[in-house]
Amino acid sequence: MSKSEVPGKEANVLKGHEGAVLAARFNSDGNYCLSCGKDRTIRLWNPHRGIHIKTYKSHAREVRDVHVTPDNSKLCSCGGDRQIFYWDVSTGRVIRKFRGHDGEVNAVKFNEYSSVVVSAGYDQSLRAWDCRSHSTEPIQIIDSFSDSVMSVCLTKSEIIGGSVDGTVRTFDIRIGREISDDLGQPVNCISMSNDGNCILASCLDSTLRLLDRTSGELLQEYKGHTCKSYKLDCCLTNTDAHVTGGSEDGFIYFWDLVDASVVSSFRAHSSVVTSVSYHPKDSCMITASVDGTIRVWKT
């Protein structure tokens, strides 16, 4: 695999956050992106033109994660104030606040119908919230983890959580079954391959691990970056040909999915790279950092 296939050329720098940016995410068609951070704000951008569109303010502490619905009409966010906010994108108004976690909330995701938000908390639980009902109580609580839950992924019928207790746990909502895969190292981020067959887990021993979703078998390990004390995102490129992730020294790494060789690595930021998000269709990615910037990369 050649370097030219993966993004490495800086196209834009998005500036506006005061302090560390903790997450940056493309929307479902890749035309816009959202970011959130230590300055308690969420920002909406056109990354391709380098334009800041809107700022969302309501959180009382840092905002750790943000996710937008496929139709771009609603977003959810979470953070240090222990709450999940459900927003109207166009008006910037908070429609609902979900409270119930006993600690900071690390991650949020909408289900595919945008009717439910699932949150991952420092209180060792995953909680599901119904966006359509006016109840502020969770419709489901999963509390079989023994440490902070850092990351969550959803399929049509499953909730998957990655935890500092070293496990990736899959809960089948339809049949009420739980499967636990123990990686033996604190997990700080999980993401799914685009074909849905694999889970990529970032662990605090500076290793990304690829698991077969059905069998739980460890398929591959990716090394070279530094990940020891920060929550760092990882993901697969939109073709599933490469794995990418940030490093605490400001570098971005691309690995070949199959043989785990480093295809490309370059210094993207002056500090820890907290977040990576890959464009759903094009060869383009965004990265976010403790240095306060979001950068757009193309081939």
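The values are calculated or read from the model by the stated rules, or taken from the named source; none is laboratory data. As the structure is a computational prediction, the values presented were derived from the model and not from experiment. Please note: Cβ atoms are built from the backbone with ideal geometry, for glycine as well, and neighbour counts cover all protein chains shown. For the accessible areas, the whole protein counts, side chains as well, though only heavy atoms, and no ligand, DNA or RNA atoms are used. Shrake-Rupley method; radii C 1.70, N 1.55, O 1.52, S 1.80 Å.
Has the range 249-256 got at least one residue that is farther than 16 Å from Ala201 by Cβ and among the acidic types (Asp, Glu)? Yes, there is a match, as at least one residue in the range 249-256 is farther than 16 Å from Ala201 by Cβ and among the acidic types (Asp, Glu). Can you name the condition, by its number, that Ser77 falls short on among (1) touching a strand residue (DSSP E or B) at 6+ places or on another chain (Cβ under 9 Å); (2) farther than 25 Å from Pro280 by Cα; (3) among the hydroxyl-bearing types (Ser, Thr, Tyr)? Result: Ser77 fails condition (2) only.
Of everything in the range 238-264, what is outside any loop (DSSP other than H, G, I, E, B) and β-branched (Val, Ile, Thr)? Give them in sequence order. Talk me through it step by step, then tell me what you get.
Applying the first criterion (outside any loop (DSSP other than H, G, I, E, B)) to the range 238-264 yields 242-246, 251-256, 262-264.
Listed by number, the residues that qualify are Val243, Thr244, Ile252, Val262, Val263.
Across the range 212-232, what is the number of residues that are part of a loop (DSSP other than H, G, I, E, B) and open to solvent by 40 Å² or more (accessible area, probe 1.4 Å)?
Kept after step one, since they are part of a loop (DSSP other than H, G, I, E, B), are these residues of the range 212-232: 213-217, 224-232.
Okay, now just the ones that are also open to solvent by 40 Å² or more (accessible area, probe 1.4 Å), so 213-215, 217, 224, 226, 228-231.
Total meeting the criteria: 10.
Is at least one residue of the range 41-56 at pLDDT 95 or above, more than 19 Å from the chain's Cα centre (by Cα), closer than 26 Å to Asn194 by Cα and outside any strand (DSSP E or B)? The answer is yes, given that some residue of the range 41-56 is at pLDDT 95 or above, more than 19 Å from the chain's Cα centre (by Cα), closer than 26 Å to Asn194 by Cα and outside any strand (DSSP E or B). Of these, Arg96, Arg49, which one is in contact with a His (Cβ under 9 Å, 6 or more places away or on another chain) and more than 20 Å from Ile160 (Cβ to Cβ)? Being in contact with a His (Cβ under 9 Å, 6 or more places away or on another chain) and more than 20 Å from Ile160 (Cβ to Cβ) holds for just one of Arg96, Arg49, which is Arg96. Could you tell me whether the range 60-71 includes any residue that is assigned to a loop (DSSP other than H, G, I, E, B), at pLDDT below 95 and farther than 23 Å from Ser289 by Cα? No: zero hits.
Scanning the range 72-94 for residues that are under 24 Å from Asn31 (Cα atoms) and either in contact with a helix residue (DSSP H, G or I) (Cβ under 6 Å, 6 or more places away or on another chain) or assigned to a strand (DSSP E or B) (or both) yields Lys74, Leu75, Cys76, Ser77, Cys78, Phe85, Tyr86, Trp87, Asp88, Val94. The set of residues in the range 96-105 that are surrounded by fewer than 17 Cβ atoms within 10 Å (Cβ to Cβ) and in a strand (DSSP E or B) comprises Lys97, Arg99.
Return the total of residues in the range 29-46 being closer than 11 Å to Val66 by Cα and either of a type in the set (A, V, I, L, M) or open to solvent by less than 10 Å² (accessible area, probe 1.4 Å) (or both). Spell out how you get there, then give the answer.
In the first step, residues of the range 29-46 are kept if they are closer than 11 Å to Val66 by Cα; the result is 33-37, 41-44.
If we keep only those that are either of a type in the set (A, V, I, L, M) or open to solvent by less than 10 Å² (accessible area, probe 1.4 Å) (or both) too, we end up with 33-37, 41-42, 44.
Matching residues across the range 29-46 total 8.
Checking the stated criteria, Glu112 turns out to be within 15 Å of Leu154 (Cα to Cα) and surrounded by fewer than 20 Cβ atoms within 10 Å (Cβ to Cβ). Sub-7 Å Cβ pairs linking a first residue in the range 226-237 that is at pLDDT 95 or above to a second residue that is assigned to a loop (DSSP other than H, G, I, E, B) and hydroxyl-bearing (Ser, Thr, Tyr), at least 6 apart or interchain, are Thr226/Ser206; Thr226/Ser247; Cys227/Ser206; Cys227/Ser247; Lys228/Ser206; Leu236/Ser193, ordered by first then second residue. Total residues in the range 262-287 satisfying the condition of being under 15 Å from Glu248 (Cβ atoms), in contact with a His (Cβ under 9 Å, 6 or more places away or on another chain) and surrounded by fewer than 24 Cβ atoms within 10 Å (Cβ to Cβ): the figure is 1.
Can you spot a residue in the range 74-95 that is at positive phi and open to solvent by 50 Å² or more (accessible area, probe 1.4 Å)? Within the range 74-95, one or more residues are at positive phi and open to solvent by 50 Å² or more (accessible area, probe 1.4 Å). Looking at the range 278-299 only, could you name the residues that are assigned to a loop (DSSP other than H, G, I, E, B), out of contact with any Phe, Trp or Tyr (no Cβ under 8 Å at 6 or more places or on another chain) and farther than 20 Å from Leu22 by Cβ? Correct list: Lys281, Asp282, Ser283, Thr299.
Based on what the data block shows, is Ser133 open to solvent by 10 Å² or more (accessible area, probe 1.4 Å), modelled with pLDDT under 95 and more than 19 Å from Ala23 (Cβ to Cβ)? Quick ask: steps written out before the conclusion?
Values: open to solvent by 10 Å² or more (accessible area, probe 1.4 Å): yes; modelled with pLDDT under 95: yes; more than 19 Å from Ala23 (Cβ to Cβ): yes.
When the stated conditions are applied, Ser133 passes them.
Going through (1) open to solvent by less than 60 Å² (accessible area, probe 1.4 Å); (2) over 21 Å from Val66 (Cα atoms) one by one, Cys235 falls short only on (2).
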